[in-house]
1. Tally up the residues in the stretch A:70-113 that are touching a Phe, Trp or Tyr at 6+ places or on another chain (Cβ under 9 Å) and at pLDDT below 85, please.
2. Report, by residue number, each residue of the stretch A:272-293 that is hydroxyl-bearing (Ser, Thr, Tyr) and modelled with pLDDT of 50 or more.
3. Which one of A:ASP166, A:ASP184 is modelled with pLDDT of 90 or more and acidic (Asp, Glu)?
4. Among residues belonging to the stretch A:668-694 that are of a type in the set (Phe, Trp, Tyr) and either farther than 23 Å from A:ASP649 by Cβ or not assigned by TED's automatic domain parsing to the domain that holds A:THR610 (or both), point out the one that is surrounded by the most Cβ atoms within 10 Å (Cβ to Cβ).
5. Quick one: which residue in A:GLY701, A:GLY711 is surrounded by 15 or more Cβ atoms within 10 Å (Cβ to Cβ) and touching a Leu at 6+ places or on another chain (Cβ under 9 Å)?
6. How many residues are closer than 21 Å to A:VAL646 by Cβ and not in a helix (DSSP H, G or I) when one looks only at the stretch A:732-765?
7. List the number of the failed condition for B:ASP41; all other conditions in (1) touching a Leu at 6+ places or on another chain (Cβ under 8 Å); (2) farther than 17 Å from A:LEU28 by Cα hold.
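The values are calculated or read from the model by the stated rules, or taken from the named source; none is laboratory data. Treat the numbers as computed from the prediction; the structure is a model and nothing was measured. Please note: Cβ atoms are built from the backbone with ideal geometry, for glycine as well, and neighbour counts cover all protein chains shown.
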Amino acid sequence: MYWLRLLRARLRGLLRRRSVEREMEEELRFHLRMRAQENVRGGMAPDEAERAALRSFGQWPRIKEACRDVKGGGGVETLLQDMRFGARTLAKNPGFTLVVTLTLALGIGANTAIFSFVNAVLLRSVPVAEPERLVYVFGGTRTSPYSVSSYPDYLDYRARNDVFSDLIAYSPITLSLNSGEQVDTVTGLIVTGNYFDVLGVRPRVGRAFLPEEDTTPGGHPVAVVSHGLWQSRFGADPGVVGRKLLLNGQQFTVVGVAPADFNGADTGRTSDIYVPMAMQALVRPPRGGYSGEMNPDLLSKRGPRWLDIVGRLKPGVTEEQAQAAMSTLAAQLSQSYPDTNREQTATVSPLAKGDPEQRGRLVSVAGLLLAVVGLVLLIACANVANLLLARAASRRKEISIRLALGASRGRLVRQLLTESLLLSLLGGALGLLLGVWLVKTMRTYSAPANFFPVAFDFSLDGNVLGFTLLLSVLTGLLFGIAPALQASKPDLVVALKDETALVPGASGRGGRRFTLRDLLVVAQVALSLVLLISAGLFLRSLRKAQGIDPGFDPSRVVTMPLNINLLRYTKTQGQDFYRQVLERVTALPGVQSATLTRTPPLSGASRQSTVVIAGREAPESGSNTENSGGAGGESVPSNITLASSVGQDYFETLNIPLLRGRDFNAQDREGAPGVAIVNETFARRYFPGEDPIGMRVSLAGAQGPWLEVVGLARDGKYVTLGEVPAPFLYQPLAQRHESGMVLMLRTSGDPSGLVPAVRREVHSIEPNLPLTNARLMEELLSTSLYPARMGAVLIGVFGLLALVLASVGLYGVMSYSVSRRTREIGIRMALGARGGDVLRLVLRQSMTLVAFGVALGLGAAFAATRLLAGFLYGVSPTDPAAFIGIAALLSIVSLAASLVPARRAATVDPLVAFRYE
Amino acid sequence: MPKRDAKLLAGTLDMLILKALSLGPLHGFGVGQRIMQMSADALRVEEGSLYPALYRIEQQGWITSEWGVSDNNQRAKFYSLTRAGRRQLQVEEENWVRLAEAVFKVMQTN
């Protein structure tokens, strides 16, 4: 009841502010008249009486203020009033407002940009129905639990569980898409027929798959296309349903278009075309090595694992229950099928968490970046707080008068905080724009084309907006609270008499203590030192990485993938095609030599094979695993070697020296005795102290076929630049045919100018081959350096930003201090101090602050940079060169920043100084 | 003005205002006058305290105000006690008497 009345009164106060104000005015005026009359009755002259009344009413403004506080709309009303007042104050000091807004915009913008990244990669959920009920069911082993499953396993999971309402399975696949006019490579997804239904995704146009379309192998060549592909390739034609496409040479009919925001169940992976599982044998390219033969039917085999599985939990079933049920099921399967399923596990994990291993890496990168931009923002806050403190000192008189007029301290603090919030919101708005721009810039030119194999949606959403708003408010409070408290300290008398007395720290008396402003500068120096040292470490790491010898000469080498496995060539056709390509390309003017390889060095892909040495114990039956996705860095298990089939002239084209033995030649053809060339690490590991030439090895188990080592090649880098030396074995392509080869050529002139000619030659042999990914070898090399370079650039830029902010802060504090001490300096000079003495005096003051900051910063950096160890190559996280060098750099910049105010102090004219006060 | 006194005054002043109004509606100036009369010129209420107090009490719902005409034919805002205000006055009077007795006892102790 009481509250209701209060609310009504306040609301009335707010709505009828004008009239309430007028009533108040009128009431007080009436009082004044009454008082005057009273005075007249007491025997005063009328005008005298009026003056006396006014005198007794001298506190009129204060009374009105007090009444307004009680009466007015309370919170809202004062807030509006404060905001108006704040806006006026800020508009009156455009320079100050601009500097603060820009400083904050830089800090907040950096945070917005990094948060957009975090949001896109870690927080966004895919647009499916009830995503919280969807979980991955990873196949795998105890040591590597987050892997893939086989189709029969999927069928068993589906038939024999009581925790999922349904399960889907899918697998990505590269497809050549021929829609009539042009041929492209697109990303496809082979999906079970219930894929869209279980995810709860309704096609935008047409329909999803019908249950019967996923029953007969090869029976229903139908496809759902993504919204993006529908727009780019079909001009958003609403009549697209029924259109025919050629996917890997097979005719398919479009039945539907996926919704615009849907790119598949996995965050970060996009698919352009969906085809039913039953069609997999037709679209799936034949496995490397046995081109053209029909793919072994993956759907009936439990051994090959290639599927991601996602399940929808039944209502009320928890993740733990699902995990328990799936573990039991996996154990049963490993008993029933010991050959294929021994030690196989099933691991349940929320869909929203993505691939837990990849997520772990992303979380650590995100954490690092957020920490870095967080530091930048802290430094910006310290700067702004410092500026506000300086301004508060100059607003001292205004504030004192307001205090004298009866404004309470709380009221003043609120007013000052409102101003801070206005500033931070302004900064936040600008920062948001800056952040969006940063994200756009970073995306368009930073990442090499295929560095992120995945696509993320970086667009602005509620999360990012909310984050920026929250950050702005917190920032405003953070930098505003201390200055507001200090400025509103009610020591009026002193303030009104003499401002200078209020800055004890700057007056240089004995036993001088740090002022709040000094502490802020110390903190800034320390924080920016931490950032700069991190940047320095990244820079040194990049230098180290750039100095790595890749073991081959990347200059003027072009690579061009020839994905004939999209064309369903037979082995003979394939061999023929490769021979023709090499013949024609080598004949081109400007081409020095040309060759083929399954995996170009540093492309991030490798083939790993189990090595068996003739005459020694065979460990296990041979196996091959294709690994695309950079298993680099980790050392290869002792019986595993990296391997690749290469064409003739491989070593010549890449300038890899052969240390012993011979190169492959035309005699090493199919049917001739098998040969191999190994690298130094291979030789050291398997033939220590022996001559590798003439040794016999097998990559296919103890039964052979055996390969004779005929040459020894120099070590190089194969998967990533940072990897430890790995064993490598080369086989002639003629003896181990593979279908997805990459053409590599060394040119005598500009390599990129030759690409169109090469493309023409290849197309004259096979017009249907998509040739989109021609890359310079040097690009591949720089791709390999990308993480190191990106780290150095990002953290370096933020570190420089921090350095600039800290220098500005130091400059500000010193200038202010010098201007406060003008009189003192004047006296000193009048007493005989020379310019040099004053210069030293001021510099000593500022360098004391810097020294404290550097000491603190070095300690903090020592503790913090350990966290960087995982990101650095060849540099210790406590690298003395980086620590000492950066500390010196920071000190020099600080010295420069305080030199200007110090020189100003040194040229003070004593006469002017005395008049100044 | 030292804050402590102001605070002590606030509660007492509210009570005095309620008491003054318990005899009939008055405008702000009148409230001050009546308190002065009732205290035989011992208590002068400063305008700076009076009006904020009036507004505060009105906000509490213990008094209401309406515009009327004063004895000398001028527009003035008149305050009058509400039912809740009457109750409040009673409560405050009792508290005050208890407090005054207690203080008196303390002061009587030798």
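1. Matching residues across the stretch A:70-113 total 3.
2. Restricting attention to the stretch A:272-293, the residues satisfying the condition of being hydroxyl-bearing (Ser, Thr, Tyr) are A:274, A:290-291.
Within the stretch A:272-293, A:TYR274 is the sole residue that qualifies.
3. Numbers: A:ASP184 fails: modelled with pLDDT of 90 or more.
After applying the criteria, what remains is A:ASP166.
4. The qualifying residue surrounded by the most Cβ atoms within 10 Å (Cβ to Cβ) is A:TYR686.
5. Details: A:GLY701 fails: touching a Leu at 6+ places or on another chain (Cβ under 9 Å).
None of the other options fit; the residue is A:GLY711.
6. 17
7. (1)
Quick grid of which residues meet (1) in contact (Cβ under 8 Å) with a residue 24 or more places away in the chain; (2) out of contact with any helix residue (DSSP H, G or I) (no Cβ under 6 Å at 6 or more places or on another chain); (3) under 18 Å from A:GLU23 (Cβ atoms); (4) away from chain A (no Cβ under 11 Å):
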| position | (1), (2), (3), (4) |
| --- | --- |
| B:PRO25 | yes, yes, yes, yes |
| B:GLY28 | yes, no, yes, no |
| B:ALA40 | no, yes, no, yes |
| B:PRO52 | no, no, yes, no |
| B:GLU58 | no, yes, yes, no |
| B:ASN73 | no, yes, no, yes |
| B:ALA76 | yes, no, yes, no |
